[in-house]
Amino acid sequence: MNARRVIAVAWPLAPLVILIALPFNGLNGFLLDLFYFTFTYAAMSVGWNIIGGYAGYISLANLGFFGLGSYVAGLTLSHLGWPILLTAPLVGVVCALVAAVIGWIALRTRGPSFVIVTLAFTFIVQFLALNLKDITGGSAGLYLPLLSMDPLLRGDLFYYYMLGVLILSIAVAIGIRRSRFGLGLIAIREDEGKAEGSGINTSVFKIVAFMISCWFAGVAGAVHAQYLNYVDPDLAFELIIMLNMIVMTLLGSRGTVWGPVLGAFILFPLQSYLVYWLPSTIAGEVHLALLGVVLVLIARFMPEGLLVTLQKLIVRRPPPRLQAVPADAATSARP
Amino acid sequence: MLLLQGLVLGVLVGGMYALMASGLTLIFGVMRLINIAHAAVIIFASYLSWQLLRVLGIDPLISIVILVVVFFIGGALLQKYVLSALIDKDLSLALLATLGVANVLEGMEGALWTSSFHAINTGYSDQTYHFGDVYVPLIRIITFVASVIILAGLYVLLTHTNLGRAIRATTQNRAIAQLVGVNVNRITMIAFGIGIAVAAAAGPLMGMYYPFYPNSHWGWIGKLMAIVVLGGLGSFRGTLVAALILGVAEQVTILYVPANWAATVFFVFLFAVLIVRPQGFFGHVARESL
Amino acid sequence: MRFLRVTRAPLALTVLALVATSCGLGSSSNNAVTPGADIKVGISEPLTGDKSDIGTNSDNGYKVWEAVVNSHGGINGRHVKIIQYDNNSLADTAVSQYQKLVTVDQVDVLLGPVSSALVIPTEAVAAQYNKVFVEGTGGSPQVFARNFNNVFFVQPATVEHQADPLVDWIKSLPPDQRPTVAGYPTNDDPFAQAVVDTVQKAFEGMGIKTGYKQTYPPTQTDFTSIGSAMKAAKVDILVQGSVADQDAAGAVKGYSQVGFQPKVSYFASGPDSASTWLDLLSSKAEGTMTSLDWLQESTVPGNKEFVDTYLKMFPNKDNLVPAEAAEAYAAGEVLAAAISATGGVDNAKIISWLHANKVQSVEGKFGWDSAGRPQGGTFDLIQWQSNHLNIVWPLNVATNGTKPTIPKPSW
């Protein structure tokens, strides 16, 4: 029992060790890139899941914050010379503060205004990036100095940086899941009226969850600006980024800690390789439609996602996701 | 004179905006669902109308009739087999499903018609009338008149038929509607079908007015959301008034500020409404839960 | 107990996903380069997504180049083999594909994708690996802003100089014939703005007033209001920063609807789309102008073989060759010349050779400055006349003995 308990808590160390060791085994630049993107998507999906999965509010603003993060980081680098890899966490804080304002507008009330406002927010940030030319460079974008180092070393740097952000995001997600705050968010998802009745300040809970969610999008956007050495109003607000975040979370299992990670680790490599495996016209044009089909199919036939569905198959019991109780509390209650 | 020109163009375009947004508001009213795919459906109808004109020589105004029927059936089936199951479970899943549908349509259009702009050009596309210094393109009069006719038909359907009364009852209160004997599930399916059919009717008109390309629906859905929020989500009359206001505001703004800033008119209104009066100016359903 | 069972699934799946991604992928690396082996050329093009049209044209141009080079026995006896991926018009994908081309496929040299938006992020990848990066379509000023020495843009001049022949021509007109008020509606695009800004500066220096200068968004489709405003400002020369035949043709329709009739109408892009411009506008096309780097009828060395091969490989009913194909083909020619002259695929040698020499391609004969801007070539002014596209300026290269029509007929 004790050994099992250790495994139950410590199992993530195994993939972690593998991931830390991988670059030492001569990953080429392309694979470093592939992992960097996978970590980025995983961290953003974990972030999205905090508002979209735990609290059950669909946010389409995370893309806007990804772009905002790219621009804020790019501008501080080009005007003040502050290196992005150092400022990225602060850029995330800026995004979180903006998220507080947006959240205040959209989350004061229950209901559909949140999804509308978050989509509008993404459009507006993109719009401003495009039209505040004197600041952002407009459609020409921002050109950032290259990190002058060996390309492989550079790949390693981005690899470990985003791996770190991913680990942090998982730690935060676990922490929230086990806290009163997390309980409150799940209560809001299950029945917001009741949650409010039981004394939870739902507005504050939702806004804080939204801020945390957007911190990760902002950090990912900031790092990505340095990765591309370039920020552009089209690239920074590519709608497929948002679609990916959502589909990855849903595929993995919304509202669980590991679901979004699982979804990202399956979907991103798969998408990258489809381009090489399939004839390009099919892979390219059908790519977007296919993601859409996957989204509809998951929503309709596997809304609980892979993780919870698999758990059900293995355990044949209702999974903890649907209960407004953290997983370890449930475990200790019924040994 | 310039202002008068802006006003005229604004009212004309506002009529079409009203048609584009009315399906969105109808669907929201009955299902409390923001149909993110709404503009994508409109663009898809534009493409089909373009194809019908190109291959079979069917005038876009006539293709409206065909598209309305086809899209009504398609919408009703989508509601019955995909969305209705989700709405009982979790409305946010239905919302995400419409996001998925939007991307399916966009990707499909890219595969079938490439990514370049398309425009529906007919023999009367380029004619213009002018009254003094005010120029009014014929196509704008046609789209305006067609929009008004379709909206009037929809209005009569909603207010003077049993089906319309049932839809309105479902919009106001699902539970009570069920109690008084309305088959709520069936009505929801029909209402969703009508909403999609109205979007389909807007497609050919939009396509004669503006060129379109697969991802142009993202720009439109932002505008349409601003209209329905200003109109009070779910309010039919509110949506009509809001569409006219925003159409005029946009066309007049474009005369005095750079064209690329005119697009902000919609977002300024959207945020102003949400900050000052989250329930919109003409309705009172926005506060209800998602 | 339950917690344990619950968490095994993700563990297993994560490891599985990891193993799946890290195996099977690194296998194709370390191909030894043997003398006489094919020269591997890496390209990522937007064959799908929102740049698919120009991407396909450009890709076809590269394919024609590959076929032509190999039909002549390759370069220095080595055949050319293109390794090409589709980046779906996404910059992230394009970057990752150039990474793959360099590190996994270990190509010898790189050619660029179509459009500045894709060249800008990908040229940095090439720069990191010190790979030569020759491209024919990404010419916005930002492409050269970071002073990469490995980038070479294969058009006769940078976009800032695209409209130089228009300015020269207007300058040559007697003062009473010159237009007096100019309008500059411009797509929000770095390329289009660069064209328009140079013209505006030159015109203002000549005393042509600026009656209208506004930027419209790339999604702008309704030009009636812009037309009304220019008409009210009494604009008689239109210099539109359009980016494609779509926004240019949309503008012409809008202007004619509100009765805006300038004496001269120049578009940064649009009238050069020989296949669609007439289709879109029919008689309204008459008199519209733009500049060209290449014309299908051009008698530049090598052009006939290119055009003939292109039409054989990609036949179309109007027998038209798109400009992007010529630009890509020219990029290939430039690369081939450098490989041939340096005797191999040493990228450092190729780069310094290109900085020191002028190269003849179907785009003309010109060299490059240290950041890859072309030096020493010029564009031509073209105008639609009686449903035919003529070079009208400079007069010494004018086709069919034509000269510019002013004022142009009403649209």
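The values are calculated or read from the model by the stated rules, or taken from the named source; none is laboratory data. Keep in mind it's a predicted model, so treat the numbers as computed, not measured. Using ideal geometry, Cβ is built from the backbone for each residue, glycine included, and neighbour counts are taken over all protein chains shown. Protein only, heavy atoms only, side chains kept; ligands, DNA and RNA dropped before computing areas. Shrake-Rupley method; radii C 1.70, N 1.55, O 1.52, S 1.80 Å.
Among beta bridges identified by DSSP and lying wholly in the protein assembly as shown, the antiparallel ones come to about 45 percent. Across the options B:T128, B:F269, B:L77, the greatest Cα extent toward the positive end of the charge dipole of chain B (unit charges at beta carbon of Lys, Arg, Asp, Glu) belongs to B:L77.
Taking every Cα-Cα distance in segment B:148-191 and sorting them into 10 Å bins starting at zero, the pair-distance distribution P(r) comes out as 31, 50, 17, 2 percent. Couplings 3J(HN,Hα) for segment C:102-108, derived from phi with the Karplus relation 6.51 cos²θ - 1.76 cosθ + 1.60 (θ = phi - 60°), are 7, 8, 9, 7, 6, 5, 7 Hz, where x marks Gly and Pro. For segment C:274-332, the fraction of 1.4 Å probe accessible surface lying on carbon and sulfur atoms is 55 percent. The loop-placed trypsin sites (Lys or Arg not before Pro) in segment C:340-388, going by DSSP, include none that has at most 11 neighbouring Cβ atoms within 10 Å of its Cβ. Buried by at least 20 Å² relative to the chain on its own: which residues of segment A:4-20 qualify, computing accessible area with a 1.4 Å probe on protein heavy atoms? Output list: A:R4, A:A8, A:W11, A:P15, A:I18.
Chain C packed on chain A takes about 5100 Å² of accessible surface away from a 1.4 Å probe, both sides summed. Could you tell me which of rounded, prolate or oblate describes segment A:1-143, using a ≥ b ≥ c as the square roots of the eigenvalues of the alpha-carbon gyration tensor, with rounded for a/c under 1.5 and, failing that, prolate when a/b is larger than b/c and oblate otherwise? Oblate, since a/c reaches 1.5 and b/c is not below a/b. Which whole-angstrom value gives the distance between the alpha carbon centres of segment B:165-188 and segment A:1-74? Result: 46 Å between the Cα centres. Please say if segment C:53-97 is rounded, prolate or oblate, where rounded means a/c under 1.5 for a ≥ b ≥ c the square roots of the C-alpha gyration tensor eigenvalues, and otherwise the choice is prolate for a/b larger than b/c and oblate otherwise? Verdict is oblate for segment C:53-97. Taking a ≥ b ≥ c as the square roots of the eigenvalues of the alpha carbon gyration tensor, chain C is prolate, as a/c is not under 1.5 and a/b beats b/c.
Counts of other chain beta carbons within 10 angstrom of each beta carbon in peptide A:21-28 average 3. For the listed residue pairs C:K213/C:K263; C:K365/C:K408; C:K304/C:K358, the alpha carbons are over 23 angstrom apart in C:K365/C:K408. Here's the list of lysines a cross-link from A:K206 could span, going by alpha-carbon distance under 28 Å and ignoring same-chain residues fewer than 8 apart: A:K194, B:K89, B:K223. In the structure shown, the pairs C:K100/C:K349; C:K171/C:K201; C:K51/C:K131 are assessed against 19 Å; a Cα-Cα span above that value is assigned to C:K100/C:K349; C:K51/C:K131. Contact order, relative form, for segment A:1-146: 22 percent (alpha carbon pairs under 8 Å, 6 or more residues apart, mean separation divided by residue count). Sorted from longest to shortest, the spans of the Cα atoms of segment B:131-290 along the three principal axes equal 57, 36, 33 Å. Taking all protein chains as they are arranged and a probe of 1.4 Å, the heavy atoms of A:Y161 leave approximately 50 Å² accessible to solvent. Simple spin-label estimate for C:N147 and C:L311 gives 4.7 nm between the two label positions (7 Å along the Cα-to-Cβ direction from each Cα). Annotation: amide H of C:T210 within the under-5 Å range of C:A182, sequence separation 5 or more or interchain, hydrogens built in the peptide plane. Just so you know, the Cα atoms of segment C:143-199 work out to an Rg and Dmax of 14.8, 48 Å. Once the partner protein chains are put back, segment C:183-224 shows a loss of at least 10 square angstrom of accessible area, versus the chain by itself, at C:D188, C:P190, C:Q193, C:Q214, C:T215, C:P217, C:P218, C:T219, C:Q220, C:T221, C:D222, C:T224 (probe 1.4 Å, ligands and nucleic acids excluded).
The HN-Hα couplings worked out from phi for segment A:241-258 by the Karplus form 6.51 cos²θ - 1.76 cosθ + 1.60 (θ = phi - 60°) are 5, 5, 4, 4, 3, 5, 5, 4, 5, 5, 4, x, 1, 5, x, 10, 6, 8 Hz, whole numbers, x standing for Gly and Pro. The equivalent ellipsoid of segment C:205-320 has semi-axes of 32, 16, 12 Å, largest first, where each one is the square root of 5 times an eigenvalue of the Cα gyration tensor.
Relative contact order of chain A, taken over Cα pairs closer than 8 Å and 6 or more residues apart, is 30 percent.
Calculated FRET efficiency, C:S352 to C:N70, Cβ-Cβ distance, R0 = 22 Å: about 0.25 to the nearest 0.05.
Entry note, chain C: relative contact order of 18 percent, from Cα contacts under 8 Å with a spacing of 6+ residues.
Could you work out the mean projected area of the convex hull around the alpha carbons of chain A, in square nanometres to one decimal? It is 18.5 nm².
Peptides C:371-381, B:5-15 ranked from most to least packed by the mean count of surrounding Cβ atoms within 10 Å: B:5-15, C:371-381. For C:I82, the residues whose modelled amide H falls within less than 5 Å of its own, excluding neighbours fewer than 5 places apart on the same chain, are C:V41.
Here, the protein assembly as shown is characterised by an Rg to Rh ratio of 0.97, where Rg is the alpha-carbon radius of gyration and Rh the Kirkwood radius. Within the shell of other residues whose beta carbon sits under 14 angstrom from the beta carbon of C:V167, the net charge comes to -3, with Lys and Arg scored +1 and Asp and Glu -1.
Accessible surface calculations at 1.4 Å, restricted to protein heavy atoms, place the protein assembly as shown at 35 Å² per residue.
Our estimate of slack between A:S198 and A:I135, defined as 0.36 nm per intervening residue step minus the Cα-Cα distance, is 18.0 nm. Hey, rough spin-label estimate for B:F131 and B:V257, points 7 angstrom out along Cα→Cβ, what's it come to in nanometres? About 2.9 nm, to one decimal. Put a plus charge on the Cβ of each Lys and Arg, a minus charge on the Cβ of each Asp and Glu, and nothing anywhere else: the dipole of segment B:1-146 about its Cα centre is then about 240 debye. Remark: C-alpha extents of segment C:268-402 on the principal axes read 53, 32, 23 Å, sorted largest to smallest.
For the residues of B:256-266, the average number of beta carbons from a partner chain within 10 Å of their own beta carbon is 6. Treating r as the C-beta distance of C:N396 and A:L297 and R0 as 60 Å, the FRET efficiency rounds to 0.40. Between chain A and chain B, the total buried accessible area stands at approximately 3600 Å², from heavy atoms with a 1.4 Å probe.
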